[in-house]
Amino acid sequence: MGNVYVFDHPLIQHKLTFIRDKHTGTKEFRELVDEVSALMAYEITRDMPLREVEVETPVAKAKCKVLEGKKLGLVPILRAGLGMVDGILKLIPAAKVGHLGLYRDPETLEPVQYYSKMPSDIGERELIVIDPMLATGGSASAGIRILKEMGAKQIKLMCLIAAPEGVHRVQKDHPDVDIYVAAIDEKLDEKSYIIPGLGDAGDRLFGTK
Ligand code: URA
């Protein structure tokens, strides 16, 4: 079963509090999500492989480390996932970005793909799927399945807030995928909103309602 990592860094938790606050306006909400995403990217890349290089400092030769250059891909699930991309790219500017659009069929309630554009070599990349609100887990699970069908082999899931239901769904459907979140909340309400959550992440990011 995949691991679940909850990032309890004080800066992440502090900023998340203001992201949750309904009085936080669109501009500040977007900036805070951007900052938290960068902080989460710092944590999520902890296991990135390094290789040794030699450089000359002004006074001596030094054996130092640089990133081995593992290929990364970010895959935001549209639309709310877009809000986390720039923050992550600040720390990992070489990552390629694929986009995955899913909507929920009003009759079957199943997620249906309406858009996808991926880097051509997703099978060689470690992919970070970005779904800020892991509610029922339906979209994230479908998104991961679609990426696996396209050839993806290594996938991590990054969310801002998860409900226990979403975590269990992804763990059940994709035991090979680790989940990274800033918080796991209490539950879902009858409309599948996360409680206490932050409301509709897409609406709050883009000022729609
Ligand atoms: N999507 C959101 O944007 N918010 C929720 O609480 C659940 C799903």
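Given a 1.4 Å probe and every protein chain left where it sits, what share in percent of the accessible area of the chain is carbon and sulfur?
Numbers: 5930 of 11190 Å².
Of all accessible area on the chain, carbon and sulfur atoms account for 53 percent.
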- Note on the structure: Ranked by GNM mean-square fluctuation in the chain (Cα springs under 10 Å), the top entry among Lys63, Lys153, Lys96 is Lys63
- Choose one answer from Gly83, Gly25, Gly73: the residue with the largest mean-square fluctuation in a GNM of the chain with alpha-carbon springs under 10 Å. Gly25
- Item | Cα centre as origin, Lys/Arg/Asp/Glu Cβ charges: the chain dipole, Debye | 400
- Query: Of the peptides 122-130, 49-57, 27-35, how do they stack up when ordered by the mean number of other Cβ atoms within 10 Å, highest first?
  - Reply: 122-130, 27-35, 49-57
- Task: Enter the accessible area per residue of the chain (Å², integer; probe 1.4 Å; all protein chains in place).
- Result: 54
- Item | Residue (of Gly138, Leu100, Ile161) at the positive-pole extreme of the chain, dipole from beta-carbon charges | Leu100
- Cα gyration tensor shape of segment 7-126, rounded if a/c is under 1.5, else prolate or oblate by comparing a/b with b/c: oblate
- Note on the structure: Heavy-atom accessible area with a 1.4 angstrom probe orders Cys159, Cys64, most exposed first, as Cys64, Cys159
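Can you check how the C-alpha radius of gyration of the chain compares to 2.2 N^0.38 Å, as a plain ratio?
Working: Rg = 17.9 Å, N = 209, 2.2 N^0.38 = 16.8 Å.
Working it through for the chain, the quotient is 1.07.
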- Among the listed pairs Lys70/Lys172; Lys15/Lys70; Lys153/Lys191; Lys61/Lys90; Lys117/Lys156, give every one whose C-alpha distance is greater than 24 Å. Lys70/Lys172; Lys15/Lys70; Lys153/Lys191; Lys61/Lys90
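The values are calculated or read from the model by the stated rules, or taken from the named source; none is laboratory data. What you see is a predicted model, and the numbers here were worked out from it, not measured in a lab. Neighbour counts run over all protein chains shown; Cβ positions are idealised from the backbone, glycine included. Protein only, heavy atoms only, side chains kept; ligands, DNA and RNA dropped before computing areas. Shrake-Rupley method; radii C 1.70, N 1.55, O 1.52, S 1.80 Å.
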